[in-house]
1. Do we have any residue at all in region 13-26 that's at pLDDT below 90 and touching a Ser or Thr at 6+ places or on another chain (Cβ under 8 Å)?
2. Among the residues of region 126-146, is any assigned to a strand (DSSP E or B) and of a type in the set (S, T, Y)?
3. From the list H96, H132, exactly one residue is farther than 30 Å from R52 by Cβ, in the same structural domain as A41 (by TED's automatic domain parsing), without any contact (Cβ under 8 Å) to a residue 60 or more places away in the chain and not hydrophobic (A, V, I, L, M, F, W, C). Which is it?
Amino acid sequence: MLRFPNYEEIPLKKPPTYAEADETADLMTREDAAWLALQLAAEEGDAASYVRAASGIDWEHQNARAFVDAVKWALAAGAHLKARELATQGAELFPHDPELVNMARILAPPKIIGRTPADPAVKLNRDWLVQHAEEYHGKWVAIREGRLLATASTLRDLLKQVSDRNHTLFTKV
């Protein structure tokens, strides 16, 4: 069964091909045909066809369930940007629909919410390791801000030697 949002269920024995959908379009409204094409594109994983079919739908006059279905079908078709667009539009039109709001949040573009400057101690520690790699090869070392604090043959022995472990790099060279 195909289910068009806003319409009754229509039983089908098998999903029609695109050509059959075009023939059936004469008996349907243009928007009904677009909904059928959306589902077919989703079933076939055809993102380009999905985006084309979505342009034939008047999204301003759809209900929340139609948007939820359309977003799921867009994802199934591989039309991820269209899914984002539909989820956002649906959440704007239906801000109290938790499923649409959640879809819009999940599909929203990533945001950089903070950026801390690089810790200069990391570069100092790396530089120390590059300079002294041969000298301490096979040993465990504790380094802080580019200065050697202790060395040992095992990590356990090294940890016994270093009481203040904050901002300290422990590594085997």
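1. There is at least one residue in region 13-26 that is at pLDDT below 90 and touching a Ser or Thr at 6+ places or on another chain (Cβ under 8 Å).
2. The answer is no, given that none of the residues of region 126-146 is assigned to a strand (DSSP E or B) and of a type in the set (S, T, Y).
3. Residue meeting the stated conditions: H96.
The values are calculated or read from the model by the stated rules, or taken from the named source; none is laboratory data. This is a predicted model, so every value here is computed, not measured. Neighbour counts are summed over all protein chains in view; Cβ atoms, including those assigned to glycine, are modelled from backbone coordinates with ideal geometry.
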